[in-house]
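Below you'll find the structure, written out as structure tokens, and then a few comments.
The values are calculated or read from the model by the stated rules, or taken from the named source; none is laboratory data. Please read these numbers as outputs of a predicted model, since none were measured by experiment. Positions of Cβ are generated from backbone atoms using ideal geometry, with glycine treated the same way; all protein chains shown enter the neighbour counts. Ligands, DNA and RNA are excluded from the accessible area calculation, which covers all protein heavy atoms including side chains. Shrake-Rupley method; radii C 1.70, N 1.55, O 1.52, S 1.80 Å.
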Amino acid sequence: MPALLAVEDLAISFGGLTALSGVGFAVAEGEVFGLIGPNGAGKTTVFNVVTGLYRPDRGRLTFAGADLVRLSPHRIARAGLGRTFQNTEVFRALSALDNVLVGAHASLHGGVLAAACGLAAVRREESAARTRAGALLERVGLGDVAEVAAGSLPLGSQKRLELARALAGGPRLLLLDEPAGGLNPTETRTLMELIRRLREELALTIMIVEHDMDLVMGLCDRVAVLHHGRKIAEGTPREVASDAAVIEAYLGSASDVA
Ligand SMILES: Nc1ncnc2c1ncn2[C@@H]1O[C@H](COP(=O)(O)OP(=O)(O)OP(=O)(O)O)[C@@H](O)[C@H]1O
Ligand SMILES: [Mg+2]
């Protein structure tokens, strides 16, 4: 099966610091692909390059066969990539519903439509977007808090809200950066179930960066391991968990890094 996302020979430095070097992997359509490694290994940087926030010094990135390098983050989102951030970044003063609408905004055509068809068409589109946003909140189990300020929701709910917001753009590939970060075991289990369900119901392809090894082992089909900006292993969760280099670099002390 051709890769949905192919990353080849990726490199980026910040000043004198090499954050990624020679990193390559391919994510197949429908797969849940994990990216793990110690703090500072370069995991978030991979997401930032793939979503166009950082331009790589070298390397190739293709999504559904199209070149992603040099596209703006906005164009990349439109192409079908959605993401969440490592530090939960909901708009705290906005309602849960409005947070999802912000995510939907990337797929609205307000400016063009307003010019071509007038305000009524824009209003209709807004109203349809609100309905879709409400349905997404239901899907992630937040239907009853749609009008509640996002900042007053518990962290587990904020994480699911971020998921709904990422889904609002209708992604084919969803990138989740530490979705279980800061969650207690019960919240983490709820989130795992949700991710599993979303993958099936929406036929999503998912990349997950995560320190919680139970989540990685429970959800991922394959995993790549980064260490100091280089890929040191790739395989099934079981394969990488028994890899000597991975144990040495990461898993031996995984309980300290989470
Ligand atoms: N914008 C930036 N400017 C300078 N250095 C950066 C920038 N982004 C990342 N880095 C550096 O690149 C390296 C990789 O960082 P990155 O955030 O990708 O690590 P990570 O694997 O996500 O770690 P963690 O598990 O702690 O989130 C780190 O040394 C980090 O300080
Ligand atoms: Mg990170």
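Scanning the range 10-34 for residues that are more than 21 Å from the chain's Cα centre (by Cα) and either modelled with pLDDT of 95 or more or more than 16 Å from ligand 1 (Cβ to nearest atom) (or both) yields S13, F14, L17, T18, S21, G22.
Looking at R75, is it free of Cβ contacts under 8 Å to residues at least 60 places away in the same chain and either more than 15 Å from ligand 1 (Cβ to nearest atom) or among the basic types (K, R) (or both)? For R75, the condition - free of Cβ contacts under 8 Å to residues at least 60 places away in the same chain and either more than 15 Å from ligand 1 (Cβ to nearest atom) or among the basic types (K, R) (or both) - is met. Among the residues of the range 36-49, the ones that are more than 17 Å from G252 (Cβ to Cβ) and touching a Phe, Trp or Tyr at 6+ places or on another chain (Cβ under 8 Å) come to 2 in all. What residue, among those in the range 35-50 that are among the polar types (S, T, N, Q) and under 12 Å from the mean Cα position of the chain (by Cα), is nearest to ligand 1 (Cβ to nearest atom)? If we take residues in the range 35-50 being among the polar types (S, T, N, Q) and under 12 Å from the mean Cα position of the chain (by Cα), then T44 is nearest to ligand 1 (Cβ to nearest atom). Per the conditions (1) away from ligand 2 (no atom under 13 Å from the Cβ); (2) in contact with a Pro (Cβ under 9 Å, 6 or more places away or on another chain), the sole criterion not satisfied by T84 is (1). Of the residues making up the range 42-56, none is open to solvent by less than 20 Å² (accessible area, probe 1.4 Å), in contact with a strand residue (DSSP E or B) (Cβ under 8 Å, 6 or more places away or on another chain) and part of a strand (DSSP E or B). When the test is whether a residue is within 15 Å of the chain's Cα centre (by Cα) and either away from ligand 2 (no atom under 16 Å from the Cβ) or small (G, A, S) (or both), P56 does not pass it.
The residue pairs whose first member lies in the range 37-63 and is of a type in the set (D, E, K, R), whose second member is within 16 Å of ligand 2 (Cβ to nearest atom) and not in a strand (DSSP E or B), and whose beta carbons are closer than 8 Å, counting only pairs six or more residues apart or on different chains, are K43/G37; R55/V49. Considering T190, T205, T236, T186, the condition of being among the polar types (S, T, N, Q), closer than 28 Å to A104 by Cβ and more than 17 Å from the chain's Cα centre (by Cα) is satisfied by T190 alone.
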